[in-house]
């Protein structure tokens, strides 16, 4: 697990939910659901790695496992050589995450929320204040909005603040769980440009889940398609499309997705 | 050194965040303060009216008012600390930020240190207002009172209550839907057995056993000696040392229990669920 060129190493990881202890008296009941089923993958340093999958396929669970928010039932996950279970603190200093729900203290302003986040990661307050303004203005927020309560902001604006919060700690691994879901086309483009900038100018490795095929194709160096907790394909977008025969037209990434999973894409929160 | 600075910065994050929350909810804070003052005054009025209610004339109402006022003030102080510390998870579940905070690189000790430091400061301010209003309202004389000894007891009591509160804070981790409400059971039990408004000697024998386990009992008994009798601080030691022992045991136990609960929540996926 100690290859510096490898940002994330996932080996035979299993995560089950619904397994009840059965109390202290009875035997364990069988697991209700396997969310991640013997998943193995490597993400290279500096790569934008996409994970596509239908609702409930295990994408968000995989991200939570890497983010130290869930413990794997089996297998190992390493982040820049650190095990996410045994060396969780070291992993936490290297990563940050944006989830599909922009989770904030709604009465507090973006500045107050981000200052809180920055302090948690040991960023000095003066530096954090300057960078909050820079990043949020770079993402298209007006200065007035930076000091107004989050509850007065649209979901798109809240999501931009969430991205700024994740970037504020300068993570070298950024976990983006459907970061553009619910954003208008302009905001979506701004966020996508920012993601590219993070990779190109800040040496960040990015793991991205999305329901947007064009976004995945435009941003990702490689894509894993996950279904029922298992990886059913993993390759570059171009190589994935070559897997399908040309039936009068060049296959799209969506064609590949539908072929491999047999399910349509819908944007929703998942387990 | 930089690790310690980062940890302190992270710990201060909780103080600053909670101050900001209190500022944003200032109207609610004002309502809560008025309610608390009114509640404390109404309990103290029982002392004024006790003679009329019982028909007895030998009741020292001034003493009784102060006895009840000490109960309300000490209880307010300890219970406010309890609620702020137990809310360390509940508040974040409500706002949906729990995952974000628990994936930050901060030890749970420093996390709790920030939250409890704010809880003690908030409670001191809140209780101070109630104390001043009560003294002025009932024209209570505190000439013989040992205020320093009273303060020492409050601080010693804070430590043991912080430990109990950390244990209580794991309930919202274990039970996402009703965990916050379940913490009321702990505070209700302590209220019953600690002699907040009556001597514990009036309780049935089996309940009195529990009063020895409650730190509030020692704070209240000591506070009454300090404020009503003006007992010197050194003579309060029999009330202070049990509080220090309880704090020394309950804080590490609470942190360990929180660690286990956090691992359980991460194993079962309960962090994600909003209650």
Fill in: From B:247, B:230, B:269, residue being on the phi > 0 side of the Ramachandran plot, more than 14 Å from chain A (Cβ to nearest Cβ) and surrounded by 14 or more Cβ atoms within 10 Å (Cβ to Cβ)
B:230
Discussion item. Given the options A:92, A:159, name the one that is surrounded by 21 or more Cβ atoms within 10 Å (Cβ to Cβ), over 17 Å from residue A:199 (Cα atoms) and modelled with pLDDT under 95.
Written reply: A:159
Worksheet entry | residue A:69 modelled with pLDDT under 95 and either outside any loop (DSSP other than H, G, I, E, B) or in contact with a helix residue (DSSP H, G or I) (Cβ under 9 Å, 6 or more places away or on another chain) (or both) | no
Practice prompt. Could you please find all residues in segment B:141-169 being farther than 14 Å from residue B:251 by Cβ and under 10 Å from the mean Cα position of the chain (by Cα)?
Written response: B:154
Worksheet item: From the list B:100, B:83, which residue is touching a strand residue (DSSP E or B) at 6+ places or on another chain (Cβ under 9 Å) and within 16 Å of residue B:14 (Cβ to Cβ)?
Response: B:100
Fill in: Residue match in segment A:81-88 (condition: modelled with pLDDT of 95 or more and buried (at least 24 other Cβ atoms within 10 Å of the Cβ))
yes
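Every residue, every condition in (1) outside any loop (DSSP other than H, G, I, E, B); (2) modelled with pLDDT under 95; (3) in contact with a strand residue (DSSP E or B) (Cβ under 7 Å, 6 or more places away or on another chain), yes or no:
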| position | (1), (2), (3) |
| --- | --- |
| A:21 | no, yes, no |
| A:34 | yes, yes, yes |
| A:40 | yes, no, yes |
| A:46 | no, yes, yes |
| A:50 | yes, no, yes |
| A:57 | no, yes, yes |
Worksheet item: How many residues does segment A:88-105 contain that are over 20 Å from residue A:180 (Cα atoms) and at the interface with chain B (Cβ under 7 Å from one of its Cβ atoms)?
Response: 4
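Can you list the helices (runs of 4 or more DSSP H) lying wholly within segment B:1-119 that have 2 or more residues being touching a residue at least 12 places away in the same chain (Cβ under 8 Å) and at the interface with chain A (Cβ under 9 Å from one of its Cβ atoms)? Walk me through it before giving the result.
Values: elements: B:2-24, B:26-54, B:61-95, B:98-102.
Because the criterion is at least 2 residues that are touching a residue at least 12 places away in the same chain (Cβ under 8 Å) and at the interface with chain A (Cβ under 9 Å from one of its Cβ atoms), the helices (runs of 4 or more DSSP H) in segment B:1-119 that meet it are B:2-24, B:98-102.
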Response to the item:
residue B:186 vs (1) over 19 Å from residue B:102 (Cα atoms); (2) free of Cβ contacts under 8 Å to residues at least 12 places away in the same chain: all pass except (2)
Discussion item. Quick check on this structure: which one of B:59, B:70 is buried (at least 22 other Cβ atoms within 10 Å of the Cβ), touching a helix residue (DSSP H, G or I) at 6+ places or on another chain (Cβ under 6 Å) and closer than 30 Å to residue B:195 by Cα?
Written reply: B:70
Item to complete: Identify the single condition in (1) farther than 30 Å from residue B:68 by Cβ; (2) touching a helix residue (DSSP H, G or I) at 6+ places or on another chain (Cβ under 9 Å); (3) part of a helix (DSSP H, G or I) that residue B:242 does not satisfy, given that it satisfies every other one.
Response: (1)
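The values are calculated or read from the model by the stated rules, or taken from the named source; none is laboratory data. Just so we're clear, the structure is a prediction, and the values are computed from it rather than from any experiment. Please note: Cβ atoms are built from the backbone with ideal geometry, for glycine as well, and neighbour counts cover all protein chains shown.
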